[in-house]
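Encoded as structure tokens, the structure appears first; notes follow it.
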């Protein structure tokens, strides 16, 4: 006989997606834009990105496995860096 598992009603994952978004957005709003370290220091942001990439084994990096994905991401990054805010 198949066992029926009850869905948990506790925790973030069990919340309605709209409620999750509302809670998650508060984290980003808690610090004013001018106080965010990456907004002030682009080199710090770049270094953090490099460290994040280095923490993943080369064979597990999605761009290593999928050249088309890397190309698309690079194109998007280039386009967004040339837009004015």
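Remarks
- Approximating the spin labels as points 7 Å out from Cα along Cα→Cβ, the residue 9-to-residue 61 distance works out to 4.7 nm.
- Projected onto planes of every orientation and averaged, the convex hull of the alpha-carbon atoms in the chain covers 10.5 nm².
- Footprinting exposure proxy ranking of 9, 64, fewest other C-beta atoms within 10 angstrom first, gives 9, 64.
- Gain in span if fully extended, residue 30 to residue 72, counting 0.36 nm per residue against the direct Cα distance: 11.9 nm
- Kirkwood Rh and Cα Rg combined as Rg over Rh, evaluated for region 25-66: 1.15
Readers should treat all values here as calculations from the given coordinates under stated rules, not as data from a laboratory. Note that the coordinates shown come from a computational prediction; the quantities given were computed from them, not determined experimentally. Ideal geometry is used to build each Cβ from the backbone, glycine not excepted, and the neighbour counts take in all protein chains shown.
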